[in-house]
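The values are calculated or read from the model by the stated rules, or taken from the named source; none is laboratory data. The shown structure was predicted, so the numbers you read here are calculated from the model rather than taken from an experiment. All Cβ positions, even for glycine, are placed from backbone atoms using ideal geometry, and neighbour counts span all protein chains on display.
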Amino acid sequence: MDLETINFKIENEVAYIELNRPKQYNSLNQTMAEDLFKVSLECDDNPKIRSVLMTGSGEDAFCAGGDVHSFHKYGNKTSSHLKEVTTTLHGAISRLSRMNAPLIVAVNGVAAGAGFSFVGFADIAIASTNATFVSAYSKIGLTPDGSSTYFLPRIIGTRRYTELILTNRVLNANEALDWGLINKVVDLKDLKDEANNLAQKLASGPSLAFGKLKNLVNNSFLDSLEGQMEYESRMIAESAKTKDGINGIEAFVNKKSVIFKGQ
């Protein structure tokens, strides 16, 4: 796969996505949006990928948001350029958030703008003690993108989310943990190992059931109680027909350990 701004590899059924523009604090430009779209297709379509870990290169930033300098170069065409960038980015996010494989985000520094949004669509987010979180959009007169207004209000609440957007308040890692924005805080030196161990653990789980769970959670914000329970009924019934579901039930009844194969 030809990528310019992302380091991507697959090892032991885990896909590793490393945003790789450290001199620009891993900020997102059109090329990175296109690269993310390419890897999102691979992660969504490749059954050998059973968990995904995303982080940023270096020790200063996970992703500092959009590359405003690259946007500025388009002058009076900036609006059209942003439509192109966000359409590509949103295509990637849609696939990453709906794929079967769980997505772990390891925040290794600044998460601003789009980087802040990435924390929202992750299934699990772990941050280093030096991580900070800020919206930053209104600081330059813009509005959020990257799924920010969908996932983040549901995670931290509309009041807190709106405050962050309006005031550009910066949250440190412990505040983000207290608000429920992230799942865990660890020392920077331990972040990669912590995130990798979790990714390996999830890669050994029932991947198809994980995918159905992700869809159930997302659907719960849109459906009625009865509609959601009907969806639950269909998903658990479909899970029981998978090889992992059949083997899992059999192993439980016979008090044996089970090896899930993502099938």
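Scan 152, 191, 177, 166 and give me the residue that is surrounded by fewer than 19 Cβ atoms within 10 Å (Cβ to Cβ), within 18 Å of the chain's Cα centre (by Cα) and either outside the structural domain of residue 14 (by TED's automatic domain parsing) or in a helix (DSSP H, G or I) (or both). Can you show your working first?
On the way: 152 fails: surrounded by fewer than 19 Cβ atoms within 10 Å (Cβ to Cβ); 191 fails: surrounded by fewer than 19 Cβ atoms within 10 Å (Cβ to Cβ); 166 fails: within 18 Å of the chain's Cα centre (by Cα).
Result: 177 is the single residue among 152, 191, 177, 166 that is surrounded by fewer than 19 Cβ atoms within 10 Å (Cβ to Cβ), within 18 Å of the chain's Cα centre (by Cα) and either outside the structural domain of residue 14 (by TED's automatic domain parsing) or in a helix (DSSP H, G or I) (or both).
Among the numbered criteria (1) surrounded by fewer than 18 Cβ atoms within 10 Å (Cβ to Cβ); (2) of a type in the set (Val, Ile, Thr); (3) modelled with pLDDT of 95 or more, which one does residue 126 miss?
The number of the failed condition is (1).
Write out, first by first residue and then by second, each pair whose Cβ atoms fall under 8 Å of each other, whose residues are 6+ apart or on separate chains, and whose first residue, in region 221-237, is touching a residue at least 24 places away in the same chain (Cβ under 8 Å) while the second is surrounded by 10 or more Cβ atoms within 10 Å (Cβ to Cβ).
221/154
Exactly one of these conditions fails for residue 214: (1) without any contact (Cβ under 8 Å) to a residue 60 or more places away in the chain; (2) of a type outside the set (Asp, Glu); (3) assigned to a helix (DSSP H, G or I); (4) outside the structural domain of residue 103 (by TED's automatic domain parsing). Give me its number.
All conditions pass for residue 214, except number (1).
Would you check if residue 7 is surrounded by fewer than 19 Cβ atoms within 10 Å (Cβ to Cβ) and in a strand (DSSP E or B)? Before you say what the answer is, go through the steps one by one.
On the way: surrounded by fewer than 19 Cβ atoms within 10 Å (Cβ to Cβ): yes; in a strand (DSSP E or B): yes.
Against the criterion (surrounded by fewer than 19 Cβ atoms within 10 Å (Cβ to Cβ) and in a strand (DSSP E or B)), residue 7 qualifies.
Taking region 82-101 on its own, how many of its residues are under 19 Å from residue 66 (Cβ atoms) and either β-branched (Val, Ile, Thr) or in contact with a Lys or Arg (Cβ under 6 Å, 6 or more places away or on another chain) (or both)?
Counting residues in region 82-101 that are under 19 Å from residue 66 (Cβ atoms) and either β-branched (Val, Ile, Thr) or in contact with a Lys or Arg (Cβ under 6 Å, 6 or more places away or on another chain) (or both) gives 5.
When you check residue 70 against the structure, is it among the hydroxyl-bearing types (Ser, Thr, Tyr), buried (at least 23 other Cβ atoms within 10 Å of the Cβ) and in a helix (DSSP H, G or I), yes or no?
Working: among the hydroxyl-bearing types (Ser, Thr, Tyr): yes; buried (at least 23 other Cβ atoms within 10 Å of the Cβ): no; in a helix (DSSP H, G or I): yes.
No; evaluated as a whole, the condition is false for this residue.
In region 71-108, what count of residues is obtained for those that are charged (D, E, K, R) and free of Cβ contacts under 8 Å to residues at least 40 places away in the same chain? Before you say what the answer is, go through the steps one by one.
Kept after step one, since they are charged (D, E, K, R), are these residues of region 71-108: 73, 77, 83-84, 95, 98.
Among the residues that remain, those that are also free of Cβ contacts under 8 Å to residues at least 40 places away in the same chain are: 73, 77, 83.
Counting residues in region 71-108 that are charged (D, E, K, R) and free of Cβ contacts under 8 Å to residues at least 40 places away in the same chain gives 3.
If residue 246 meets every condition in (1) aliphatic (A, V, I, L, M); (2) outside any helix (DSSP H, G or I); (3) over 28 Å from residue 91 (Cα atoms) apart from one, which number is that one?
Only one criterion is unmet by residue 246, namely (2).
Just need a number here: residues in region 8-25 that are more than 13 Å from residue 43 (Cα to Cα) and either without any contact (Cβ under 8 Å) to a residue 12 or more places away in the chain or outside the structural domain of residue 62 (by TED's automatic domain parsing) (or both). Spell out the reasoning first.
To start, the set of residues in region 8-25 that are more than 13 Å from residue 43 (Cα to Cα) comprises 12, 18-25.
Still in the running and either without any contact (Cβ under 8 Å) to a residue 12 or more places away in the chain or outside the structural domain of residue 62 (by TED's automatic domain parsing) (or both): 23.
The qualifying residues number 1.
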